[in-house]
Amino acid sequence: MQSVPLRIHLSNHVTLAVPPRLDSITTYVLLEQETWFEKELSFLSRWLKPGMTAIDIGANLGVYALPIAQLVGPHGCVFAYEPGSEARGLLELSRDINIASNLYIFDLALSDSERNGRLLVGASSELNALGDAGGGQPVHITSLDIENRKRGWLPPDFVKIDAEGEEERILAGGRDFFVRHSPLIMFEIKADEAKEAPDHLNADIWRSGMVPGTCVIRNSRQSRRSNKLETHRETISRNALCPCGSGQKYKHCCGAYVS
């Protein structure tokens, strides 16, 4: 018999449908804290404005997608990509519960090219990852450049990339996207990559054609319950306007989250 999803009402007034199991990372954290533990959500609640456009790559159960949809309002929109069938089904349910008609959900994985692949299912949906062969769920893979051409997006204001090791390939698959657009970006660096990855990833970002001044939030997770924020930056005066385009001084915007 299929288990009934657990509905958790969060402190940000969003209700999420989650697996009714404590071995689900999201379920455990939300029951314990009534919100997601990462401080990026607090930053985004200040930075996002009604009417903005956001893209959530690796949306999972919607701990970002639903609050973002609420923040950008009915005149904004959120495009969420989640290839995992269980997580996507719960995300769709959460969209209906919250009447988030501005949240568009796609059953696609993103990488550097279009192809078919496999989604290797982890012990918790947060750990699902693309694989070349073997078990898991069959998924269709596409890229940011292909989606940008197909969807005809308005210039996006924010892009979140959390794809369990696929982040570099997603950036590589968005070369034209980053030439055309200059959104605020958040992407994951795993703890075992954190010491060496920043310089290497910066080179890939600049080769992808991202315009100077684009502000990149790096989510460098030491574990699934602690993190620190960094921003990709040239030397920026703390009293200068933040390069993310918020109109605020750097020290009061992205600079407040730099460690």
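The values are calculated or read from the model by the stated rules, or taken from the named source; none is laboratory data. Computed from a prediction, not measured in an experiment: that's the story for all the values here. Don't worry about glycine lacking a Cβ; one is built from the backbone with ideal geometry, like all the others, and counts go over all protein chains shown. Side chains are part of the model used for accessible areas, which takes the heavy atoms of the whole protein and leaves out ligands, DNA and RNA. Shrake-Rupley method; radii C 1.70, N 1.55, O 1.52, S 1.80 Å.
So that you can scan it fast, the table gives a plain yes or no per residue for (1) touching a residue at least 12 places away in the same chain (Cβ under 8 Å); (2) of a type in the set (A, V, I, L, M, F, W, C); (3) not in a loop (DSSP other than H, G, I, E, B):
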| position | (1), (2), (3) |
| --- | --- |
| His13 | yes, no, no |
| Pro20 | yes, no, no |
| Asp23 | yes, no, no |
| Leu44 | yes, yes, yes |
| Pro67 | yes, no, yes |
| Leu71 | yes, yes, yes |
| Pro83 | yes, no, no |
| Ala109 | yes, yes, yes |
Search result, residues across segment 30-42 that are out of contact with any strand residue (DSSP E or B) (no Cβ under 8 Å at 6 or more places or on another chain), under 22 Å from Asp96 (Cα atoms) and either aliphatic (A, V, I, L, M) or open to solvent by 30 Å² or more (accessible area, probe 1.4 Å) (or both) = Thr35, Leu41
message = I'd like the full set of residues that are open to solvent by less than 20 Å² (accessible area, probe 1.4 Å) and farther than 24 Å from Gly122 by Cα, limited to segment 43-65.
response = Phe43, Leu44, Trp47, Leu48, Thr53, Ala54
inquiry  = Between a residue in segment 157-182 that is over 10 Å from Asp112 (Cα atoms) and any residue that is acidic (Asp, Glu) and modelled with pLDDT of 95 or more, which pairs come within a Cβ distance under 9 Å, given they are 6 or more apart or on different chains?
reply    = Phe158/Asp56; Val159/Asp56; Lys160/Asp56; Ile161/Asp56; Asp162/Asp56; Asp176/Asp145; Phe177/Asp145; Phe177/Glu147
task = Search segment 73-93 for residues being under 17 Å from the mean Cα position of the chain (by Cα) and of a type in the set (Gly, Ala, Ser), and hand back the single one that is farthest from Ile8 (Cα to Cα).
result = Gly76
ask   = Considering only segment 103-115, how many residues are open to solvent by 30 Å² or more (accessible area, probe 1.4 Å), at pLDDT 95 or above and either among the basic types (Lys, Arg) or in contact with a Cys (Cβ under 8 Å, 6 or more places away or on another chain) (or both)?
value = 1
request  = Quick one: in segment 1-15, of everything that is polar (S, T, N, Q) and open to solvent by 60 Å² or more (accessible area, probe 1.4 Å), which residue is modelled with the highest pLDDT?
outcome  = Ser11
request  = Determine whether segment 66-73 contains at least one residue that is among the β-branched types (Val, Ile, Thr), open to solvent by less than 10 Å² (accessible area, probe 1.4 Å) and closer than 12 Å to Lys160 by Cβ.
outcome  = yes
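What number of residues within segment 16-27 are open to solvent by 80 Å² or more (accessible area, probe 1.4 Å) and not charged (D, E, K, R)? Reasoning before the result, please.
Our first condition is that a residue be open to solvent by 80 Å² or more (accessible area, probe 1.4 Å); within segment 16-27, this holds for 21-23.
When the remaining residues are screened for being not charged (D, E, K, R), the result is 22.
Adding up the residues that qualify gives 1.
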inquiry  = Can you tell me how many residues within segment 116-137 are open to solvent by 50 Å² or more (accessible area, probe 1.4 Å) and at positive phi?
reply    = 1
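How many of the residues making up segment 79-101 are surrounded by fewer than 19 Cβ atoms within 10 Å (Cβ to Cβ) and either under 24 Å from Leu154 (Cα atoms) or among the charged types (D, E, K, R) (or both)?
The number of residues fulfilling the criteria is 5.
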